[in-house]
Amino acid sequence: MITKDMLVSDIVKQSPKSADIFRSNRIDFCCGGNIPLEEAINEKSKPLDELLEEINALDNGSEGTLDVQYLDNAALINYIQNKFHKPLAEEFKNLMPYVTKVAKVHGDNHPHLLELKELTMKLRDELLAHTKDEDENVFPLVIDYTNNPTEALKAELAPHIVELETEHDGAGNILKRMREITNDFTPPMDACGTFRVVYQRLAMLERDTFQHVHLENNVLFERIK
């Protein structure tokens, strides 16, 4: 049973499908998830009682599915890399031409699209540099520490984790701004097909990024702090 006193991040660990509910209610479950649900309620979210009822009604049955929070560190890293890191460059490669086209064609009537283009480019640059650093530098250190948990390796990892979590906050802030200027990724009535595709793809990118950050901040990194 999920209660109002549980941390938002812990709720997502126990009930993974609750991430979708939190995302739609503008509740941060990754970077800002270490607060009780009761404190996370905001003017954009449903009332606490309604949220609790919705979350507790979820079917989170794990039969035939993988609960990744119980993977060991090496397997969890492999999952994160294959599920989130590897598809990221390809997604931005495919997405940016649409974002650029929509900003060029519709920017005069919808000026926020010009900011959206800049935000998407900034998010791309930051996330690709971030994941490259994790893959090449930080994750190998995590594996070394897992196999040989010395205080020296823990101390070496500590500043990397602080930096990565700060970068996660930055990506989260960019995504929040995107959601604000797009009215929760809701296209206007006159939106063309490409316009709608951009909003849909950005909403999917937000969902995947929040889940990605949650697994790192609240599962992997918590194990080695």
Odd one out for residue 38 among (1) without any contact (Cβ under 8 Å) to a residue 60 or more places away in the chain; (2) in a loop (DSSP other than H, G, I, E, B); (3) acidic (Asp, Glu): (2)
Filter result for residue 32 (at pLDDT below 90 and exposed (fewer than 14 other Cβ atoms within 10 Å of the Cβ)): no
Test: residue 83 is open to solvent by 10 Å² or more (accessible area, probe 1.4 Å), out of contact with any helix residue (DSSP H, G or I) (no Cβ under 6 Å at 6 or more places or on another chain) and farther than 28 Å from residue 223 by Cα: no
Near pairs, Cβ below 9 angstrom, 6+ apart or cross-chain, from region 132-147 (over 15 Å from residue 167 (Cβ atoms)) to any residue that is not in a helix (DSSP H, G or I): 146/72
All positions within region 87-129 that are open to solvent by 60 Å² or more (accessible area, probe 1.4 Å), closer than 19 Å to residue 173 by Cβ and either touching a residue at least 60 places away in the same chain (Cβ under 8 Å) or of a type in the set (S, T, N, Q) (or both): 115
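Just to check your reading of the model, which residue among 136, 156 is charged (D, E, K, R), in a helix (DSSP H, G or I) and either under 20 Å from residue 204 (Cβ atoms) or out of contact with any helix residue (DSSP H, G or I) (no Cβ under 7 Å at 6 or more places or on another chain) (or both)?
Working: 156 fails: either under 20 Å from residue 204 (Cβ atoms) or out of contact with any helix residue (DSSP H, G or I) (no Cβ under 7 Å at 6 or more places or on another chain) (or both).
Unique residue meeting the criteria: 136.
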Per-region count, region 158-173, residues under 12 Å from residue 134 (Cα atoms) and open to solvent by 50 Å² or more (accessible area, probe 1.4 Å): 3
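Are any residues in region 1-29 part of a loop (DSSP other than H, G, I, E, B), in contact (Cβ under 8 Å) with a residue 60 or more places away in the chain, surrounded by 18 or more Cβ atoms within 10 Å (Cβ to Cβ) and in contact with a Ser or Thr (Cβ under 7 Å, 6 or more places away or on another chain), and if so, which ones? Walk me through how you get there before you give the answer.
Taking region 1-29 and keeping what is part of a loop (DSSP other than H, G, I, E, B), we get 1-6, 15-17, 25-29.
Checking which are in contact (Cβ under 8 Å) with a residue 60 or more places away in the chain leaves us with 26, 28-29.
Imposing the further condition that a residue be surrounded by 18 or more Cβ atoms within 10 Å (Cβ to Cβ) reduces the set to 28-29.
The answer is 29, and nothing else.
The values are calculated or read from the model by the stated rules, or taken from the named source; none is laboratory data. It should be emphasised that the depicted structure is a prediction, and the values quoted were computed from it without experimental measurement. All Cβ positions, even for glycine, are placed from backbone atoms using ideal geometry, and neighbour counts span all protein chains on display. What goes into the accessible areas is simple: the full protein's heavy atoms, side chains included, and nothing from ligands, DNA or RNA. Shrake-Rupley method; radii C 1.70, N 1.55, O 1.52, S 1.80 Å.
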